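Below: the structure, in structure tokens.
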Amino acid sequence: KAQAAVKIAKRSGKVEIYRNGVLKEAQRRFSIESRLRTALSQGELTLAYQPLIHLQTGEITGFEALARWNDPDLGHVSPVEFIAVAEESGLITPLGRWAAYEAAQALSRWDGKFGQPVPVGVNVNLSPIQMARDDVASMFEEALRYSGISGNRLTAELTESAIIVDPDKARKLLVALKDLQMPIAMDDFGTGYSNLASLHSLPIDILKIDRSFVSGMLEDKDKQAIVRTILSLADSLNLHVTAEGVETQELAHALQSMGCGNGQGFYFARPMPENDAFDYWRARWNFETV
Ligand code: C2E
Ligand code: MG
Ligand code: MG
Ligand code: MG
């Protein structure tokens, strides 16, 4: 009898812990949503810029714009967490619009500081939910027009899932982005349900090899085989490649000797505030190479 009581107590204790866990999670999600709504309306989000490096020449070919949020109550919240909340709550539409405008505006501010167009572009991330809900092509057209930036300097990064959800809609969007001269990159490539035929038939310019294959590639033959396969696929389809998660010099060298075009990762630089990114570019910009 006593034993049975202990069992029940243990079990209900677990239920209690579980309930608390679920409750805490729901509370956090709720406070992120409400704080994010405020942050968006008050312009409290920023973009950080991480350089994209040409592995042969070391040249900076562009930057990826990554959303950053430091909330007075919640502290620093990872984009992995707040983008997911934004997708669930519909806030991804204003957030995505803000990111596109802000990235185009940053380019125009860099041009202003430099006195002429800076020969780099910026990559903007698109969420599949945002693509389904919003008119992303008009959004970019307006952001470009508002900032006076040419479309070839703003790259759209989308994931494989965005194409799976609604292939016809995705095709129309990509064609519209190409009409704006925008390059298109397939982000986190290799992690989704890639339809190789769609890679060939859609106007995609760049494959970004997911970090999960790149960062452990030197210790894991299978990962390295996947990277090689993606490189040869890109070569056959005439696509540019960027390897994500380049964390060491050894990795940068290995990727370069494997024929990978561009790299991105902590070995080169972490994502930086707008002004630091400009300084980083200007310090490395070489008159001879232009
Ligand atoms: P992503 O688009 O794949 O971005 C690359 C992520 O890898 C960034 O994380 C970057 O900081 C991180 N990273 C870069 N180099 C390295 C490295 O060498 N090692 C490691 N461990 N990590 C590296 P972050 O900034 O936390 O962003 C996470 C994800 O959040 C992004 O993944 C993207 O999916 C999403 N995200 C960020 N900003 C936006 C945005 O404005 N809109 C949308 N829709 N999604 C965004
Ligand atoms: Mg990305
Ligand atoms: Mg990525
Ligand atoms: Mg990623």
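The values are calculated or read from the model by the stated rules, or taken from the named source; none is laboratory data. From a predicted model like this one, the values you see are computed outputs, not experimental measurements. Heads up, the Cβs are rebuilt from the backbone with ideal geometry, glycines too, and the neighbour counts pull from every protein chain shown. All accessible areas refer to the heavy atoms of the entire protein, side chains included, with ligands and DNA or RNA removed. Shrake-Rupley method; radii C 1.70, N 1.55, O 1.52, S 1.80 Å.
Among the residues making up the stretch 34-64, those that are touching a Ser or Thr at 6+ places or on another chain (Cβ under 8 Å) and farther than 19 Å from residue 94 by Cβ are 52, 53, 54, 57, 59, 62. For the criterion of being open to solvent by 10 Å² or more (accessible area, probe 1.4 Å), away from ligand 2 (no atom under 16 Å from the Cβ) and either assigned to a helix (DSSP H, G or I) or out of contact with any Leu (no Cβ under 6 Å at 6 or more places or on another chain) (or both), residue 228 passes. When you scan the stretch 229-246, do you find a residue that is within 21 Å of residue 65 (Cβ to Cβ), of a type in the set (D, E, K, R) and away from ligand 1 (no atom under 16 Å from the Cβ), even just one? No, the stretch 229-246 has no match at all.
Filtered by the rule that a residue be more than 16 Å from ligand 4 (Cβ to nearest atom) and either in contact (Cβ under 8 Å) with a residue 12 or more places away in the chain or part of a loop (DSSP other than H, G, I, E, B) (or both), the stretch 231-244 gives 231, 233, 234, 235, 237, 238, 239, 240. Screening the candidates 66, 36, 23, 45 for the property of being surrounded by fewer than 19 Cβ atoms within 10 Å (Cβ to Cβ) and farther than 30 Å from residue 253 by Cα yields one hit, 23. In the condition set (1) within 16 Å of ligand 3 (Cβ to nearest atom); (2) out of contact with any Phe, Trp or Tyr (no Cβ under 8 Å at 6 or more places or on another chain); (3) of a type in the set (A, V, I, L, M), residue 230 is compliant with all but (2).
Within the stretch 171-221, track down each residue that is touching a residue at least 60 places away in the same chain (Cβ under 8 Å) and either away from ligand 3 (no atom under 16 Å from the Cβ) or not in a loop (DSSP other than H, G, I, E, B) (or both).
Let us first name the residues in the stretch 171-221 that are touching a residue at least 60 places away in the same chain (Cβ under 8 Å), namely 183, 185, 187.
Residues satisfying the conditions are 185, 187.
When restricted to residues that are within 16 Å of ligand 4 (Cβ to nearest atom) and either open to solvent by less than 20 Å² (accessible area, probe 1.4 Å) or modelled with pLDDT under 95 (or both), the stretch 245-259 contains 2.
To keep it simple, each residue is scored yes or no on (1) in a helix (DSSP H, G or I); (2) among the small types (Gly, Ala, Ser); (3) farther than 13 Å from residue 45 by Cβ; (4) open to solvent by 10 Å² or more (accessible area, probe 1.4 Å).
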site	(1), (2), (3), (4)
70	no, no, no, yes
80	yes, no, yes, yes
86	yes, yes, no, no
94	yes, no, no, yes
99	yes, yes, no, yes
102	yes, no, no, yes
108	yes, yes, yes, yes
117	no, no, yes, yes
124	no, no, yes, no
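Taking the stretch 260-274 as the range and being open to solvent by 60 Å² or more (accessible area, probe 1.4 Å) and either over 17 Å from the mean Cα position of the chain (by Cα) or among the acidic types (Asp, Glu) (or both) as the test, only 267 passes.
When you go through 213, 278 one by one, which is the residue that is under 21 Å from residue 154 (Cβ atoms) and in contact with a helix residue (DSSP H, G or I) (Cβ under 8 Å, 6 or more places away or on another chain)? Walk me through it before giving the result.
Values: 213 fails: under 21 Å from residue 154 (Cβ atoms).
Criteria check complete, one pass: 278.
Note down all Cβ pairs under 8 Å where the first residue falls in the stretch 260-273 and is within 21 Å of residue 230 (Cβ to Cβ), the second is open to solvent by 40 Å² or more (accessible area, probe 1.4 Å) and within 16 Å of ligand 2 (Cβ to nearest atom), and they're at least six residues apart or on different chains. Hits for this filter: 261/240; 262/61; 262/240; 265/211; 265/215. Residues that are more than 15 Å from residue 139 (Cα to Cα), modelled with pLDDT of 90 or more and open to solvent by 80 Å² or more (accessible area, probe 1.4 Å) within the stretch 170-202 comprise just one, 171.
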